[in-house]
1. Tally the residues that are at pLDDT 95 or above and part of a loop (DSSP other than H, G, I, E, B), restricting the search to the range B:244-266.
2. Being farther than 23 Å from residue A:209 by Cβ, at pLDDT 90 or above and not in a loop (DSSP other than H, G, I, E, B) is the requirement here; does residue B:49 meet it?
3. Take residue A:23 and decide whether it is closer than 28 Å to residue A:242 by Cα and out of contact with any Asp or Glu (no Cβ under 7 Å at 6 or more places or on another chain).
4. For the range A:68-75, check the following and say yes or no: at least one residue is closer than 21 Å to residue A:242 by Cβ, surrounded by fewer than 24 Cβ atoms within 10 Å (Cβ to Cβ) and of a type in the set (S, T, N, Q).
5. In the range A:281-302, how many residues are crowded, with 18+ Cβ neighbours inside 10 Å and under 16 Å from residue A:20 (Cβ atoms)?
6. Does residue A:213 meet the test of being closer than 16 Å to residue A:65 by Cβ and buried (at least 24 other Cβ atoms within 10 Å of the Cβ)?
7. Would you mind finding the one in B:72, B:84, B:53, B:103 that is touching a residue at least 40 places away in the same chain (Cβ under 8 Å) and within 21 Å of residue B:23 (Cα to Cα)?
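The values are calculated or read from the model by the stated rules, or taken from the named source; none is laboratory data. Because the structure is a prediction, the values reported are computed rather than measured. As a convention, Cβ positions derive from the backbone with ideal geometry for all residues, glycine included, and neighbour counts pool all protein chains shown.
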Amino acid sequence: MKRGLGLVVVALAALALAVAVGPTRVPWPEFAHSPIVRELRLPRALLGFLVGGALGVAGAALQAIVRNPLADPFLLGLSGGAGLGAVLAIAFAAGGPWATPLAAFAGALAAMALVYRIGLAGGGELEPRMLILGGVAVGAFAGAVTTAVVSLADAVALRNALLWLWGGLSGASWDTLAVVCAYLPIPLALLFAAARPLDLLALGEEPARYLGADVASLRRRVYVAASLLTAVAVAVSGVIGFVGLIVPHGMRALLGDRHRVLLPAAFLGGGTLLVLADAAARVVVAPRELPVGIVTALVGVPVFALLVRRWTTS
Amino acid sequence: MDHELILELRGIACRYPGAVEDALAGVTLAVGRGVVQAVIGPNGSGKTTLVRVALGVRAPREGTAAVLGKPVASWSRRALARTVGVVAQREEALFPQRVRNTVALGRYPHLSPWRAPGSEDEAAVTRALERCDLTALADRWVATLSGGEYQRVRIARALAQEPRLLVLDEPTTSLDLRHEMELFGLARALADDGGLGVLLITHHVNLAARFADRILLLAQGRAVAEGGPEVLTRPVVEQVFGWPVQVERFEERPQVIPLRQRKDTP
């Protein structure tokens, strides 16, 4: 309880920090009225928080459902599929703020289905290690096709697609925030409602069944919900890796592995991490800015290497 | 006493996809209150398939499986988990857990998404821990336990489900003599004191002979014999395990002694 409260305080502090810093210095007296704060920093910080939270929750749920501590939306190819869906929508000018997440959702689901087929390659039972290999392969494939689509697109579509691909959170506005707020609650509610059976699944599929979990329906719900979360995140901010991987591990170490606690914690932790990463991306090379995905990768890759080592030696 | 019957399998045949032979054929079995029913057979004789069919995880090709008189396929997983607790053969925890927490997972079928665990759930967990002699280990990490302690934790978790039938699938594989005896003794005591039905899958002929009320012998998916421990005769055991044996008696029960040399059987 105390630690959970601490997490909320840290999250609020991160949001405050992200609003306070930036390439332009906003004097304190004008702070509340500054358009830079109200139209740029505040929606951007909030969007970053929701996107990071969505990725954190998706990662935690995916790790449980595919029974692999290395799973996250990025490594499982979901982000890549969502990115491809979004770029196709943009290239064919069918994007729009409300339709792009749906195209990304279709892409994420298709990628998940493909990865799942590969994961079953060993026989009847899902092989967790094959899943990650499949995810990386499908993600790379989707990335290649995405690049092909972008390079074949006409000038206007190209510019839009590149802006989106590398833009990170720079496209944040109150409008994109509204889109995210509309799409996020349903998948989040689906996952939070699945928290208890996810605890059981950590023991294996067969033991989970014997303890009363309907594994097949649970798996469908979690894949769809995690795909939608990833799709919304990708549609508004491009492909951002590693948040979904490292946040759940941090939260597990901090608060234990009960999903009723872990999933909300992963939301707060993911939001905090992405808001801080984005603040760094804006400030470090000011007045230019880095795509936030580069910052999360700089933090995430070493953590990933550490996790691989721990997982393979145990 | 039919109303005391918990699990009833009739004429079960089962085949895995792509296989040419049935994993089970014509197997019939009934487990009632307070009874320890052992299922014995060599590796690959269909013992685990029997558990899967009994628990509705695998649909039989022929025959019927019923729990408390109701076809197992029509049970919801949660309702079934409140009636039958299973200690499966294989289990691999993904993340480290403490003993009390993993036993508390047994309460899942009693909780709804809206109901948090209450005092009765706490009490059930505490009772299960006591029953399996784990109270002193409740705060230990599961990974630090010995093989015997770990199996007791898994039995405690199944007991926390407050089932009427406990299914133990090869619970003593890789346990030493003392822990084997303790575990079979625990299974026996649960049937005697709590009136639990126990379905015990094992390849320990002698322990089954000493602790079980009834024994089903399986070979290549077929029932070779079924009945009290006296069904363990030399021809039956030799047929099931494909090895020469001698059968002696100890405490009124048959005990099987494998011979050293394989006879030149026709």
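1. The number of residues fulfilling the criteria is 0.
2. Details: farther than 23 Å from residue A:209 by Cβ: no; at pLDDT 90 or above: yes; not in a loop (DSSP other than H, G, I, E, B): yes.
So residue B:49 does not fit the description; no.
3. On the way: closer than 28 Å to residue A:242 by Cα: yes; out of contact with any Asp or Glu (no Cβ under 7 Å at 6 or more places or on another chain): yes.
So residue A:23 fits the description; yes.
4. To start, the set of residues in the range A:68-75 that are closer than 21 Å to residue A:242 by Cβ comprises A:68-75.
From the residues that got through so far, the ones that are surrounded by fewer than 24 Cβ atoms within 10 Å (Cβ to Cβ) too are A:68-70.
Within this subset, residues satisfying the condition of being of a type in the set (S, T, N, Q) are A:68.
Yes, the range A:68-75 contains at least one residue that is closer than 21 Å to residue A:242 by Cβ, surrounded by fewer than 24 Cβ atoms within 10 Å (Cβ to Cβ) and of a type in the set (S, T, N, Q).
5. 2
6. It is true that residue A:213 is closer than 16 Å to residue A:65 by Cβ and buried (at least 24 other Cβ atoms within 10 Å of the Cβ).
7. Working: B:72 fails: touching a residue at least 40 places away in the same chain (Cβ under 8 Å); B:84 fails: within 21 Å of residue B:23 (Cα to Cα); B:103 fails: within 21 Å of residue B:23 (Cα to Cα).
None of the other options fit; the residue is B:53.
Residue by residue, here is whether (1) part of a helix (DSSP H, G or I); (2) at the interface with chain A (Cβ under 10 Å from one of its Cβ atoms) holds:
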| position | (1), (2) |
| --- | --- |
| B:66 | no, no |
| B:101 | yes, yes |
| B:108 | yes, yes |
| B:116 | no, yes |
| B:127 | yes, no |
